[in-house]
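Trainee: If you scroll down you'll find the structure; I have some questions about it.
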Amino acid sequence: MDWHSLSPAQALQALAVKEEQGLQEALARQRLSKEGPNRLAQRKKKRWLLRFLAQFKDFMVLALLAAAAVSAAAAALHGSGDFLDSIIIVAIVAVNAFVGVLQEGKAEKALEALRRLSAPTAQVLRGGRQKRIPAEEVVRGDILLLKAGDLVAADARLLEATQLSTQESALTGESMPCKKEAGLVLPQATALGDQKNMLLSSTVVLTGHGKAVVTATGMETQVGKIAGLLRREEAPQTPLQKRLERVGKQLGIGAMAVSAVVFLLGFLQRLPLLESFMLSVSLAVAAIPEGLPAMVTVVLSLGVQRMAKANAIVRRLPTVETLGCASVICSDKTGTLTQNKMTVTQLRGAGAALAPNEAAGQKLLRLAALCCNASIQGAGKRQALLGAPTETAIVEAAAGQRIDVMQDRQRFPRLHEQPFDSGRKRMAVICRFPETGKDAPLHGKWMIVKGAPDILLRRCESATLGGQTVALSEELRGKILAQNEAMAAQALRVLAVAIKEAGAAGAGDGALTFVGLLGMNDPPRKEAKAAVKLCKKAGITPIMITGDHVTTANAIARELGILEDGAAQSITGQQLDRLDDEALTRRLGGCRVFARVTPEHKMRIVKALRAMGHVVAMTGDGVNDAPALMAADIGCAMGCSGTEVAKGVSDMILTDDNFATIVHAVEQGRSIYNNIKKAVHFLISSNIGEIVAVFFASLLRMPAPLLPIQLLWVNVVTDSAPAIALGTEPAEPQLMEEPPKPVEQHFFNGALGFHMAVEGLLMGAVTLLAFVLGRRVFGGFDDIALGRTMAFSVLSFVEIAHASNMRSERSLLCVGPFSNPRMNFANLLCVGLQVAVVLFEPLCGVFGTVPLDAGQWMAVAGLSAIPTAVIEIEKRGASLKRRRKKAGRAVRSPVS
C-alpha cells in the first residue's frame, strides 16, 4: 500500500488503530505472533563441509582428482603400495579448497550489520499509555512517539510533526536533512527521497518531535527490502575466475584426451596394462599445472599487501585483478565524490560577491551564526559541531574566519527566537548588542532573520551596500534575485540574511534590511576531479548514481568532469521507471548521471551495464548502496564514512574514503593481470614441454622419461617459486594509457598460443634428448634411472631459465638480469633444491634419481641453455622488426 498517498486519518483507519489510544496489548501480541518480530531475516548459512566440497567444482581440480585415483588404482594393482603420488595430488587440492572456504561469508556479515542498525528500543502508545518496548516487538499499527536523537524503529506514516527532520542519506542518498510534514498527501509515484510524510526504519531523527503510525516492520520495511536484495543477490564471477576456469577446462580436457591416446597406443603396442596406466597418469600430471592455483593466490595476496599500504583493503583476492579490467566506475555522490558535509562556498552582498575576510563578509557570517542553533563543542582535534548541517556549515565558516561564535552568543545574548517553520521558510532571533564598541556588528536591540531569499526580499525595503544602508530599488532587488538564481544554478543552497531594529517594545514595526546571501553545498573531494580525469585517460567511464536531486547531481558532475556539456545526459529515477531494459540499454551509452534513484534502480543500472559486457566497479558508503555493491564486479566501500552494511558486502574498502585510491587500485590490478598472464604463459608452456617429452617417448616406444612424482616436483616446487616471482614484476610505464582488457579476452589471444607451443616443443625436445643421452650414451646400453635423472634435471633447469625469459618481450639484457631480486632468489632456491634431489641420497630414493658426475652435469647445463638462447635470438629479431616499423612510421609522418 502507498501509505504516503493516504491522509493520517485514512492510514489510521486502514490499520484499525486510534491515535489517542494506540494498539491494545492483546491486538499487538496477536499481530506480533502473526507477522513475526520486527527484525531482518537471516540467510541460512551453508555448513562448513558443504562450502568445502563446493570448492571441488573446478574442472581442473576434478581432473587432478581423477589422476590421483588412477595413480592409486595402478599402485594397488601393482601391489607396490606406493601411494605417494596420489597423496601429494590430494593434499594440493585440499589446501586450495581450504583457502577458498576462508574467502566466503560476505553476505552474512552484511546482514549482521543491518541487524545492528535496527533500533534497540522504541517509545510507543499502547492502550492509551506511553511505554518503551524492544524494537523487535513493534508491530504494524503501533503509534511511535519520536524526538530528536531517536533511531526510527520501523517504517511509519506521520500523524504529527513539529519541526521534525531526519537524516536519510544512508537510505536515499539525500545529503540534506529531510524535513517532514504530517499533513501532506502525496501522489503514488512520489520517489522515496521525496516522501516527506513518511519515516523510514533505521533513520535518525535530527530535530523536532512527532507522532507516527507504523506501516511496515521487519523485512517489509525499506531497509528490509535491501536486506532481501542482498539475500537474493549472488556475487558474480570475476574475469580472472572466468579466464582460469576456461584455461583449467581446456587443460583438463586436453590432459584426458592425450592420456587416452597414450593408453590406446600402449594397448595397440601390446604394452603391459599397468605400464600403460602409469604412462597415462604421467601425462595427466604433466598436462595440469598443479602450482597454478597457489601461484595465483600468492600473487594476488602480494598485490593485496601493496594495496593495503595505499589505503585500499581488499576482501576478495580476485578483486585485485578484476579492477584491472574495470571499464565503468559507478559512484555514489554523497560521501564518495563529495565530502558529505555542507560547506559555505560563496558570500554575496547586494552589489557583488563578498570576501569572507573583508568587513562586509565578516559581518554577514557573524550575523548568520548568531541566527543559528548549531554549537561548537570541545577544542583542537576533539572539536565537534553539533546541529543541522546547514547551520553547522554557517558556524564552521564563521569559525574559519576567527569569529568566536560561542563567545559572540554570550556577548550578544539572545532575547527571543522564532524557530524555522516550513510555511514561513525563515528563522528569526532578537539579540542585544552593546550600545558602543567597534567590534560589535550592530548596536542596540536587533532582529536577525535568515531564510529563503525570495521570501526575505519581499519583506525588505532597504539593503546594506558599501557599508551604507540604501533604499531597495527595483533595480537593486533584480540584481540580488539574479545573484540568487546564479548561485542556485550552481546547485548551491542559498540563504538570505536580513536585519531590522527591534526597538524597545520588541520586534518593532520597521521593514527588513537586506545584508547578504550565503551559498553552500556538499563540495566535491579535492582529489576526485583528478581521479575522474585519470579514469577517462585509462579508458574507464565514470558514472554518478545518487539519490540526490538532478540539479545538484548535474552541477557536481560538471565540476568533476563526469558530465560534459553536449556529450552526456542525466536520467532521474522516475524516467528510469518508464524505460524497459532495451530502452535503458540504448540510453546507457550516453548517460553519465542517474539522480533520484532507489536501491532497486542502482542494482538495475549495474546489471544492465554488466549485460552490455562492462566490468563494473561500484563505489558507495550508504545502506542504499549495498545491493549494487554486491551485484557489481567490484564493490568499493568507504572505510571512514561507510556503513557496516556497505563494508560487509564490498570487495574492497577504501580506508581514506578517497575516490583517487580507486585509480591506484586499477593500476595495481592491471599490473597484476599482466604478471599473472606472464606466469600462466610460463606454466602452460612448461607443461607443454612435459607433455611433449612423455608423449613422444610413448610414440617412439620408449620408457617414460619422467616419473609422476618427478613431474609433480617440477610443477609444484621448481615451477611455482619462479611463477610467483613473475607476479612481482613492476608495472609498465604506459599501463594507464591503455584501454581495459575485454572480459572475454582469452589468455592466449593473438600469437601467444603459437609462442607457447613452440617454446613447449623446444623444452620437450631437449628433455627427451637428455633422457636419450643419459640412457644410451652416459649410462651404457639401457640405464633408465640415469636417463630419467638427466631428463628430470634438464626439465627443471630449462623451466627455471624460462621463467626469466617471461619477464618481458624485450631481451633480458635490456630488462636487466638482476632487476627483479625476487626472481633471482627464486631461481637460486629452485636450482639448489633440484641439485639436492639428485645428490642427497634419501631424496634420491623418493624421486628415483641417481647422482651425476661432472660430465653429465655439463651436459645438463648445455642442454638447459638451448631454449633460452633460441628465445633470446627470437626476441632480438622481433625487436629489430619493431624498430624498423617505428622508423617507417616516422619517415612517412611528414608526408601525411
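Trainee: Any idea which residue in the range 598-636 is farthest from Val663 (Cα to Cα), counting only those that are at pLDDT 85 or above and part of a loop (DSSP other than H, G, I, E, B)?
Mentor: Filtering the range 598-636 for residues that are at pLDDT 85 or above and part of a loop (DSSP other than H, G, I, E, B), the one farthest from Val663 (Cα to Cα) comes out as Met612.
Trainee: A follow-up question, please. For the range 339-389, how many residues are in contact (Cβ under 8 Å) with a residue 40 or more places away in the chain, within 15 Å of Met406 (Cβ to Cβ) and open to solvent by 30 Å² or more (accessible area, probe 1.4 Å)?
Mentor: Final tally of qualifying residues: 1.
Trainee: Within the group Phe778, Phe754, Phe747, Phe682, which residue is in contact with a Leu (Cβ under 9 Å, 6 or more places away or on another chain) and at pLDDT below 85?
Mentor: That would be Phe747, the only listed residue that is in contact with a Leu (Cβ under 9 Å, 6 or more places away or on another chain) and at pLDDT below 85.
Trainee: Hey, Ala498 hits all of (1) touching a Cys at 6+ places or on another chain (Cβ under 8 Å); (2) modelled with pLDDT under 85 but one; which does it fall short on?
Mentor: (2)
Trainee: Which residue pairs have Cβ atoms under 6 Å apart, sit 6 or more places apart or on different chains, and have a first residue in the range 175-192 that is at pLDDT 90 or above and a second that is open to solvent by 70 Å² or more (accessible area, probe 1.4 Å)?
Mentor: Ala182/Glu160
Trainee: Arg587 fails exactly one of the following numbered conditions: (1) under 23 Å from Lys225 (Cβ atoms); (2) over 23 Å from the mean Cα position of the chain (by Cα). What is the number of that condition?
Mentor: Looking at each condition in turn, Arg587 falls short on (1).
Trainee: Are there any strands (runs of 3 or more DSSP E) wholly within the range 126-169 with 1 or more residues that are under 30 Å from Gly335 (Cα atoms), of a type outside the set (Phe, Trp, Tyr) and open to solvent by less than 30 Å² (accessible area, probe 1.4 Å), and if so which?
Mentor: Filter on the range 126-169 gives 143-147, 155-167.
Trainee: Turning to a different aspect of this structure: Give the range 417-436 a look and list any residue that's open to solvent by 40 Å² or more (accessible area, probe 1.4 Å) and modelled with pLDDT under 90, or say none.
Mentor: Glu417, Gln418, Pro419, Phe420, Asp421, Ser422, Gly423, Arg424, Lys425, Pro434, Glu435, Thr436
Trainee: Still on this structure, I have one more. Mind listing just one residue for me: the one in the range 760-773 that is over 28 Å from Arg876 (Cα atoms) and in contact with a Pro (Cβ under 9 Å, 6 or more places away or on another chain) and, of those, most open to solvent (accessible area, probe 1.4 Å)?
Mentor: Going through the qualifying residues, I end up with Val772.
Trainee: Something else now. Report whether or not Gly437 is more than 30 Å from Gly620 (Cα to Cα) and touching a residue at least 24 places away in the same chain (Cβ under 8 Å).
Mentor: no
Trainee: Still on this structure: Restricting the range 676-728 to residues that are of a type in the set (Ser, Thr, Tyr) and over 11 Å from Met806 (Cβ atoms), which is surrounded by the fewest Cβ atoms within 10 Å (Cβ to Cβ)?
Mentor: Thr728
Trainee: I would also like to ask the following. Are any residues in the range 533-559 under 30 Å from Glu732 (Cα atoms), buried (at least 23 other Cβ atoms within 10 Å of the Cβ) and at pLDDT below 90, and if so, which ones?
Mentor: Answer for the range 533-559, where residues must be under 30 Å from Glu732 (Cα atoms), buried (at least 23 other Cβ atoms within 10 Å of the Cβ) and at pLDDT below 90: just Cys535.
Trainee: Right, next: Restricting the search to the range 846-868, which residues are open to solvent by 50 Å² or more (accessible area, probe 1.4 Å) and modelled with pLDDT under 90?
Mentor: Val846
Trainee: Another question about this same structure. Residues of the range 781-834 being open to solvent by less than 40 Å² (accessible area, probe 1.4 Å) and outside any helix (DSSP H, G or I), which ones?
Mentor: Answer for the range 781-834, where residues must be open to solvent by less than 40 Å² (accessible area, probe 1.4 Å) and outside any helix (DSSP H, G or I): Met806, Arg807, Ser808, Ser811, Gly816, Asn820.
For every residue, the table says whether it meets (1) open to solvent by less than 10 Å² (accessible area, probe 1.4 Å); (2) out of contact with any helix residue (DSSP H, G or I) (no Cβ under 6 Å at 6 or more places or on another chain); (3) aromatic (Phe, Trp, Tyr).
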{"residue": "Lys438", "(1), (2), (3)": "no, yes, no"}
{"residue": "Pro441", "(1), (2), (3)": "no, no, no"}
{"residue": "Trp446", "(1), (2), (3)": "no, yes, yes"}
{"residue": "Glu485", "(1), (2), (3)": "no, yes, no"}
{"residue": "Val497", "(1), (2), (3)": "yes, no, no"}
{"residue": "Ala511", "(1), (2), (3)": "no, yes, no"}
{"residue": "Met520", "(1), (2), (3)": "yes, no, no"}
{"residue": "Ala530", "(1), (2), (3)": "no, yes, no"}
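The values are calculated or read from the model by the stated rules, or taken from the named source; none is laboratory data. Only a predicted model underlies this, so the values are computations on that prediction, with no experimental measurement involved. Virtual Cβ from ideal backbone geometry, glycine too; neighbours counted across all protein chains shown. Surface areas here come from the heavy atoms of the whole protein model, side chains and all, with no ligands, DNA or RNA. Shrake-Rupley method; radii C 1.70, N 1.55, O 1.52, S 1.80 Å.
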